[in-house]
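Chemist: The structure's right below; bear with me while I get my questions together.
The values are calculated or read from the model by the stated rules, or taken from the named source; none is laboratory data. Everything numeric in this text was worked out from a predicted model, so none of it was measured. Backbone-built Cβ (ideal geometry, glycine too); neighbour counts: all protein chains shown.
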There are 2 protein chains.
Amino acid sequence: MRETDFVSGFARGLKVIEAFGEAQPRLSIAEASKLTGLDRATVRRSLLTLSELGYADYDGKFFTLTPKILRLGHAYLSATPLPAIVQPYLDQLSERAGQSASASVLDGTEVVYVARASQRRVMSINLMPGSRLPAYCASMGRVLLAALPEAQAREMLGRTELKANTPRTKTDPEELIEELRRVREQGYAVIDQELELGLCSIAVPLMNARGQVVAALNIGAPAAHVAAPELAERYLPMLKETQVALRPLVQ
Amino acid sequence: MRETDFVSGFARGLKVIEAFGEAQPRLSIAEASKLTGLDRATVRRSLLTLSELGYADYDGKFFTLTPKILRLGHAYLSATPLPAIVQPYLDQLSERAGQSASASVLDGTEVVYVARASQRRVMSINLMPGSRLPAYCASMGRVLLAALPEAQAREMLGRTELKANTPRTKTDPEELIEELRRVREQGYAVIDQELELGLCSIAVPLMNARGQVVAALNIGAPAAHVAAPELAERYLPMLKETQVALRPLVQ
DNA sequence: GACATTTGTTCATATATCGCACAAAGTGGA
DNA sequence: TCCACTTTGTGCGATATATGAACAAATGTC
């Protein structure tokens, strides 16, 4: 791509949108400038543009995003066939298992939920399409990382802050690489309370007809209800069935 | 705002993202140009920028959005306190009612779901945060339109394509305005299979301490399970309770 | 296979944006 | 109240981008 085929004003604006987040629901011009590393004048123009277009509100001091911004993500969710294709299968899985079932894809070092059928909320965090979890300690993340060439998986882990969310979280890169090998071999990943105490899950890769891994499917359950070692026994057969059924339907 | 405080390259890029959608999951440069009304050269630059930043994939002919684009909507969902505040109340509502409960806000002529606790899927469409429905034929839409000054509500209806999704859909603007008056007076809205046959719902406005309507709450149920006239009797008390409990917590 | 049409790319140039420097307006503490 | 500090607004030259036309490539049609 040539230098002149890049619209830096657009790129800067997207960076400004991403500056908003849990810790930053309202941003002043100076704050947004600090977070993005962009010039104040530039950030100001981007924010005023967002405000003018109705993507943000401005009270003269702080900017906040409006729900109109959801149109951007909605463009993806409704444009991508994957969520619509897997949804009925997730509903069925969730129904049969009596637990939540989800599908996700990898975006950098994070897992992004693209579809979900929830039975009841068992996690303190509320997952929905667009939600993100660190890949290294999520069952779908393990499956998706295992599908990458090892060098690339290693590079992803290198870019991740491997923090121990619970006493059971695996944070040693070598141990994780070893775990990814095991996941690749056995074709599924089990997480035992590595993300949150009391929560276990099992995931399988979702492959297309050419054998490429395009997403991951999982079932999550409260540890009190199903102990981690039982997960495979109870849910792996139905996950495998779904995996096979979806194989000719994706991509 | 001055002319030069508007970054048109950014605005054009956002328009390009929104061009993607259910009917347009993959766009060529020419198609995107037609949909947006922008020059082919401009659209090409925007798309190449998205691709360069990882928000889109390019196979040399078609562009598709990547899940990275969900970061933009996620910036809103995690930045806005409303979804996090109402979620536990929706969970509780859903549990008590044995039905799905949702919260939404108005964006133009559409209702945008910002949080949801689903019991089981009763609609053919799958609703999730970011999902949109036309306001005129949804219970939360009625409640939110009723909260606007009548002139503004009339203007919204004027901008909406009032189509009859089912034989029961109200499509006459005057009849709708009349219905909005009734909703305003009684403090809730009931929809009887106007959006989809077999689906009923009841909604109440969610107000902040100053009495401003900031969102709507609803409970949806299969018509086979709960007839529309019973909705108010069965669910209005718990919706009102939730409305009162949330009032001091929002905004 | 030749023609017409659509699509993608390049280019020159008119136009708009960027980032800097400075001015103005708030903020908070002594 | 004043001063120091932070934040926001603005004018301007340098730089980057949009435009529309021209060309090239691909596609569809007869």
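Chemist: Out of A:Gly54, A:Gly73, A:Gly60, I need the residue that is under 22 Å from the mean Cα position of the chain (by Cα) and either within 11 Å of DNA strand D (Cβ to nearest atom) or closer than 23 Å to B:Leu82 by Cα (or both). Which one?
Modeler: Details: A:Gly54 fails: under 22 Å from the mean Cα position of the chain (by Cα); A:Gly60 fails: under 22 Å from the mean Cα position of the chain (by Cα).
Only one candidate qualifies: A:Gly73.
Chemist: Within segment B:58-75, how many residues turn out to be of a type outside the set (Gly, Ala, Ser), at pLDDT below 90 and within 21 Å of A:Leu65 (Cα to Cα)?
Modeler: 1
Chemist: State whether one or more residues within segment B:19-42 are within 11 Å of DNA strand D (Cβ to nearest atom), surrounded by 15 or more Cβ atoms within 10 Å (Cβ to Cβ) and among the basic types (Lys, Arg).
Modeler: No.
Chemist: Right, something else. Scan segment B:1-17 for residues that are out of contact with any Gly (no Cβ under 9 Å at 6 or more places or on another chain), loosely packed, with under 15 Cβ neighbours inside 10 Å and not in a loop (DSSP other than H, G, I, E, B) and jot them down.
Modeler: B:Glu3, B:Thr4
Chemist: Output yes when any residue across segment A:58-81 is touching a Ser or Thr at 6+ places or on another chain (Cβ under 9 Å), under 20 Å from A:Gln243 (Cα atoms) and touching a residue at least 12 places away in the same chain (Cβ under 8 Å), and no when none is.
Modeler: Yes - at least one qualifying residue is present in segment A:58-81.
Chemist: Out of the residues in segment B:23-60 meeting the condition of being among the small types (Gly, Ala, Ser) and closer than 19 Å to A:Gly13 by Cβ, tell me which one is nearest to DNA strand C (Cβ to nearest atom). Give the derivation first.
Modeler: So the first thing to find is which residues in segment B:23-60 are among the small types (Gly, Ala, Ser), and the list is B:23, B:28, B:30, B:32-33, B:37, B:41, B:46, B:51, B:54, B:56, B:60.
In the following step, the residues that additionally are closer than 19 Å to A:Gly13 by Cβ were identified as B:32, B:46, B:51, B:54, B:56.
Values: B:Ala32: 8, B:Ser46: 12, B:Ser51: 11, B:Gly54: 18, B:Ala56: 13 Å.
The qualifying residue nearest to DNA strand C (Cβ to nearest atom) is B:Ala32.
Chemist: Counting only residues that are β-branched (Val, Ile, Thr) and surrounded by fewer than 21 Cβ atoms within 10 Å (Cβ to Cβ), how many does segment A:79-95 have? Quick ask: steps written out before the conclusion?
Modeler: Of segment A:79-95, the ones β-branched (Val, Ile, Thr) are A:80, A:85-86.
Among the residues that remain, those that are also surrounded by fewer than 21 Cβ atoms within 10 Å (Cβ to Cβ) are: A:85.
Looking only at that region, the number is 1.
Chemist: Output the residues belonging to segment A:63-78 that are surrounded by fewer than 22 Cβ atoms within 10 Å (Cβ to Cβ), in a helix (DSSP H, G or I) and of a type outside the set (D, E, K, R).
Modeler: Across segment A:63-78, the qualifying residue is only A:Ser78.
Chemist: Sort out for me the strands (runs of 3 or more DSSP E) sitting completely within segment B:116-232 that have 1 or more residues that are within 27 Å of A:Ala79 (Cα to Cα) and without any contact (Cβ under 8 Å) to a residue 60 or more places away in the chain.
Modeler: Numbers: elements: B:132-134, B:189-192, B:199-207, B:213-222.
By residue number, B:132-134.
Chemist: Considering only segment B:81-91, state which residues are within 7 Å of chain A (Cβ to nearest Cβ) and in contact with a strand residue (DSSP E or B) (Cβ under 7 Å, 6 or more places away or on another chain). I'd like the intermediate steps shown before the answer.
Modeler: Just the residues of segment B:81-91 that are within 7 Å of chain A (Cβ to nearest Cβ), to begin with: B:81, B:87, B:91.
Passing the criteria: B:Gln87, B:Asp91.
Chemist: Do we have any residue at all in segment A:160-170 that's away from chain B (no Cβ under 14 Å), of a type in the set (A, V, I, L, M, F, W, C) and surrounded by 15 or more Cβ atoms within 10 Å (Cβ to Cβ)?
Modeler: Residues of segment A:160-170 that are away from chain B (no Cβ under 14 Å), as a first pass: A:160-170.
Next, from what is left, pick out any that are of a type in the set (A, V, I, L, M, F, W, C): A:162, A:164.
Then drop every residue that is not surrounded by 15 or more Cβ atoms within 10 Å (Cβ to Cβ), which leaves A:162.
Among the residues of segment A:160-170, at least one is away from chain B (no Cβ under 14 Å), of a type in the set (A, V, I, L, M, F, W, C) and surrounded by 15 or more Cβ atoms within 10 Å (Cβ to Cβ), which makes the answer yes.
Chemist: Please go through (1) in a helix (DSSP H, G or I); (2) at pLDDT below 90; (3) touching a helix residue (DSSP H, G or I) at 6+ places or on another chain (Cβ under 8 Å) for A:Ser94 and return the number of the only condition it doesn't satisfy.
Modeler: The number of the failed condition is (3).
Chemist: Inspect all residues belonging to segment B:94-111 and state whether any of them is at the interface with chain A (Cβ under 10 Å from one of its Cβ atoms), under 21 Å from A:Arg12 (Cβ atoms) and without any contact (Cβ under 8 Å) to a residue 24 or more places away in the chain.
Modeler: From segment B:94-111, those at the interface with chain A (Cβ under 10 Å from one of its Cβ atoms) are B:94-95, B:104-108, B:110-111; that's our starting set.
Still in the list and also under 21 Å from A:Arg12 (Cβ atoms): none.
No, segment B:94-111 has no match at all.
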